[in-house]
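Inspection log for the structure reproduced underneath, given as structure tokens.
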């Protein structure tokens, strides 16, 4: 599994856009300084605004649909060609119920009929 230094608390509130450079991001409140699987931070990006009360949980599937593809595309633009299935495996590993970050678990407590429940480890190629 490819590894990189994660942020550790990559909620949208910790990624700032400078006023004079709208095409850049500044990461603040970096928590980890050890390599982890690429994609580790995506779960916190998914639910950060919901936990802060700034986005309704009903929008989680919409954000989820673009999160991994956008991450992989952005990594590629910066010279890191990481396989999508490996990013998705890391992402799901840190956010699945009963595993990984407790901050992410609550985002997966939706009823089985919820469109977000379609994700599982069974769907990730190995």
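The values are calculated or read from the model by the stated rules, or taken from the named source; none is laboratory data. Not measured: the values here are computed from a predicted model. Every residue, glycine as well, gets a Cβ built from its backbone with ideal geometry; the counts of neighbours run over all protein chains shown.
Is it the case that residue 72 is more than 15 Å from residue 94 (Cβ to Cβ), in a helix (DSSP H, G or I), modelled with pLDDT of 90 or more and out of contact with any helix residue (DSSP H, G or I) (no Cβ under 7 Å at 6 or more places or on another chain)? No, not satisfied. Within this structure, residue 48 passes the test of being buried (at least 19 other Cβ atoms within 10 Å of the Cβ), out of contact with any strand residue (DSSP E or B) (no Cβ under 6 Å at 6 or more places or on another chain) and within 18 Å of residue 29 (Cβ to Cβ).
Can you say whether residue 65 is out of contact with any helix residue (DSSP H, G or I) (no Cβ under 7 Å at 6 or more places or on another chain), within 26 Å of residue 1 (Cα to Cα), touching a residue at least 40 places away in the same chain (Cβ under 8 Å) and surrounded by fewer than 16 Cβ atoms within 10 Å (Cβ to Cβ), as far as the supplied structure shows? No, not satisfied. Within region 13-32, not a single residue is in a helix (DSSP H, G or I), in contact with a helix residue (DSSP H, G or I) (Cβ under 8 Å, 6 or more places away or on another chain), at pLDDT 90 or above and over 18 Å from residue 94 (Cβ atoms).
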